[in-house]
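Since every read-out is calculated from the coordinates, none of them should be taken as a lab result. Keep in mind that what you see is a predicted model, and the values were worked out from it rather than measured. Cβ atoms come from the backbone with ideal geometry, glycine included; neighbour counts cover every protein chain shown.
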Amino acid sequence: MKIRRIIHLLVGLSIALIACGPDKNEGVIALAADGIDDGKELSVSLGCTHAEEPDLATAIIDDGVAKFRFVAEGPRMYYIKVKDFAGWLKVMADQGDRVKVKATAEKQLNRDGTFYYTFSNVVVKGSATHQEYEKRNLDLSRLNNIYPHYQNKYEDVLKAMSKATSQAQRDSVLATKRGKEMTAAEKEFFETVKRINQQCYLENRDSWWGPLLMLDNMNFLSQDARDIYEQFSDRAKQSFYGKIAHDLLYPETESE
């Protein structure tokens, strides 16, 4: 009888330990952020859907740290936001991930008088999916070098444009030799952006990464996006982000 009781006790203890153990479907993100006051409420929601997504979890920042627990359904992009403010921090995570994020937040003022947050010095650990995202998105990081170079080269024109108080004055600035040079450089810049973006999406055409990267980097899915989407594999099209891209590109077929 004693042996049977011990066996029952051990079985019960094992069940209790399993129940208290980490949920394989749970995602956990711990954010350590400089620049956000303690007591602020933050939220995490799905990202790259081009829709207003509900909060998956909220947390109050305490001693510079906010911790989120939520149900994860697969590799997803998540947006961390300061409640009631624009701007977000992007983090990718998968089921069962325990992600630690460090970042510097800065509260900035819009022209309309509203505030938003920007995030820099971001370091993400504990998410293989996020590391893969940074690797696959590497070509797009070249744009971070191209645009500042463009801004520095035509700083005089940009300053003159900012001081202009009418469209006529702005047109006058752009009509100068330097203004025309900047206009041509701007056109070349956007063509470069388009080319680099398309190369990145199509290099990932065979998996869900293609649609994800397209949704991540396009604010609006145009006819060009349709042309890219049609080059994705069936596997990519049937993925979570592939289906979102399809419904955005072909809204007339959503109800079919």
Subject >> Per residue convex hull volume, Cα atoms of region 138-253, in Å³ >> reply: 122
**OP:** Could you work out the relative contact order of region 167-238, using alpha carbon pairs under 8 angstrom and six or more residues apart, expressed as a whole percent?
**Re:** 27
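With a 10 Å Cβ neighbour count serving as the proxy for reagent exposure, in which order, fewest first, do His130, His50, His149 appear?
On the way: His130 23, His50 15, His149 11.
Taking fewest neighbouring Cβ atoms as first place, the list is His149, His50, His130.
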**OP:** Compute the projected area of the convex hull of the Cα atoms of the chain, averaged over all viewing directions, and report it in nm² to one decimal place.
**Re:** 20.7
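About its Cα centre, what dipole magnitude does region 138-253 give when the only charges are +1 on Lys and Arg Cβ and -1 on Asp and Glu Cβ, stated in debye to the nearest 20?
480
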Subject >> Taking the chain and dividing mean pair separation by its residue count, relative contact order in percent (alpha carbons under 8 Å, at least six apart) >> reply: 13
Subject >> Å³ per residue enclosed by the Cα convex hull of region 186-248 >> reply: 70
**OP:** Provide the percentage of antiparallel DSSP beta bridges, counting only those with both residues in the chain; round to the nearest 5.
**Re:** 80
Original post:
Quick one: if the Förster radius is 22 Å, what FRET efficiency do Lys100 and Glu132 give, using the C-beta to C-beta distance and rounding to 0.05?
Top reply: 0.80
Original post:
If you put +1 on each Lys and Arg Cβ and -1 on each Asp and Glu Cβ, how big is the dipole of the chain around its Cα centre, in Debye rounded to 20?
Top reply: 800
Original post:
Among Val65, Val82, Val157, which comes first, second and so on when ranked by fewest other beta-carbon atoms within 10 Å?
Top reply: Val65, Val157, Val82
Original post:
Using the scaling law 2.2 N^0.38 Å as the reference, what is the normalised Cα Rg of region 22-127?
Top reply: 1.03
**OP:** Just need log10 I(q)/I(0) for region 80-128 at q = 0.18, 0.20 Å⁻¹, Debye formula, equal scatterers on the alpha-carbon atoms, no solvent, rounded to two decimals.
**Re:** -0.62, -0.71
**OP:** Using a Förster distance of 30 angstrom, determine the FRET efficiency expected from the C-beta separation of Lys159 and Lys90, and round it to 0.05.
**Re:** 0.40
Subject >> Among Gly96, Ala72, Phe85 - extreme Cα towards positive end, dipole of region 51-99, charges at beta-carbon >> reply: Gly96
**OP:** Give the relative contact order (percent, whole number) for region 22-127; include only Cα pairs under 8 Å separated by 6+ residues.
**Re:** 30
Original post:
Where does each of Ser127, Ser120 land when they are ranked from fewest to most other beta-carbon atoms within 10 angstrom?
Top reply: Ser120, Ser127
